[in-house]
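What follows is a set of notes on a single structure, which appears directly below.
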Amino acid sequence: MQARFWLLLFIPIVALAATLFFAMDSDQSPDAIKVSLYRKAEVSPVQQIRGWSFGDDGSGQLRVAIAGISSPSKTLEDYQRLLMYMGERLDRQVNLILKPTYAEINDLIRDRRVDLGFVCTLAYVKGNHDFGMELVAAPQIAGEVVYYSYLIVPRESSAKELKDLRNASFAFADPMSNSGHLVPTYQLYLLNETPVSFFSRYIFTYSHDNSILAVADKLVDGAAVDSLVYDRLASESPEITAKTKVITRWGPYGMPPVVAPPGLDPQLRQELRDFLLNLHNSEEGGKILHSLGIDKFVVVPDDIYDSVREMREALGW
């Protein structure tokens, strides 16, 4: 019921977006329209909860930013227990920062306004290239450190592959999303197409669960979404994903990592890494990881993200 509730929060906004006519390719066309389906989680700007707080003022605190791969309310719901435990184990007050776009999270990390970030794969690749964003760890899920981009359509759709969505409406996630923007755009590139030339219209939903809901409610004809979000939603709220189907799986790609800004104090960076890598060894940590659908956090090699770098280079991003 909880999962259904937070998804239903976005229905009126998605429905409004679906009534608009969208200019194509917001990254390329100066006339394009970005439609944000973002809605802030309803918490106070700074909320003290058992050793952690929510807000932007992180002076003297451990500042953690989380990219909204899921909607902000769901992200907060998922991660607050982890951050509470982090504060207890490291004996620090944790300041959680949520922003509506991946680019804003990258800006915080670049400007060293946060100490730790949970980011998307493409956001890491771009941040690493642009200003030296550093890998700390990555989640291992179902024994894997990779994930996929799912191309989904409504259950009743006759589409069997991307080519079948020509002149259709489409939902991307965040402009800096790997699975929800870069991958499908690269697949269009392989067809000598762009979102402008191929789709009749498209929107940015700014979270993968919003994209799934937009397809389930037939507000768009297709979407590209994070396999981790889709698979988890299929487990928690199968009545939603049952209205959709996966017609193509692209990948694999390196798992969305946990990162640090360049120049972070080496001792603090090691403390944070040790906390994550040992989380599964404690009873409470194991319960938290289980609630997040994560086996454990592990160190991954940087070259696991090279396939994303190659797509980005091909597109000139």
Restricting to DSSP loop positions (anything but H, G, I, E, B) with no more than 15 other Cβ atoms inside 10 Å of their own Cβ, which trypsin sites (Lys or Arg not before Pro) remain in region 112-167?
ARG112, ARG113, ARG155, LYS160, ARG166
To the nearest 0.05, what FRET efficiency results for PHE131 and ARG81 with a Förster distance of 30 Å applied to their C-beta separation?
0.45
Determine, from the Cβ-Cβ distance of GLU271 and LEU292 and an R0 of 22 Å, the FRET efficiency 1/(1 + (r/R0)^6), rounded to the nearest 0.05.
0.60
Region 129-146 - phi-based ³J(HN,Hα) in whole Hz, Karplus 6.51/-1.76/1.60, Gly and Pro as x
6, 7, 9, x, 3, 10, 5, 10, 6, 8, x, 9, 10, 6, x, 10, 10, 10
Treating only the Cβ of Lys, Arg, Asp and Glu as charged (+1, +1, -1, -1), what charge dipole size does region 228-292 show about its Cα centre? Round to the nearest 20 debye.
400 debye
How large is the dipole of region 78-159 about the Cα centre if only Lys and Arg carry +1 and Asp and Glu carry -1, each at its Cβ, rounded to the nearest 20 debye?
80 debye
Under a plain spin-label model, where a point goes 7 Å from the Cα along Cα-to-Cβ, how far apart in nm are ASN192 and GLU283?
6.5 nm
Taking amide hydrogens as modeled 1.01 Å from N in the peptide plane, which residues meet the under 5 Å criterion relative to ALA223, leaving out close sequence neighbours?
ILE152, ALA171
What distance in nm lies between label points placed 7 Å from Cα along the C-beta direction at ASP111 and LYS160?
5.1 nm
Between LEU315 and LYS218, what is the label-point separation in nm under the 7 Å Cα-to-beta-carbon projection?
3.0 nm
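Rule-based calculations on the coordinates, nothing more; no lab input. Just so it is clear, the model here is predicted, and its values are computed rather than measured. For neighbour counting, all protein chains shown are included, and Cβ atoms are generated from backbone atoms with ideal geometry for every residue, glycine included.
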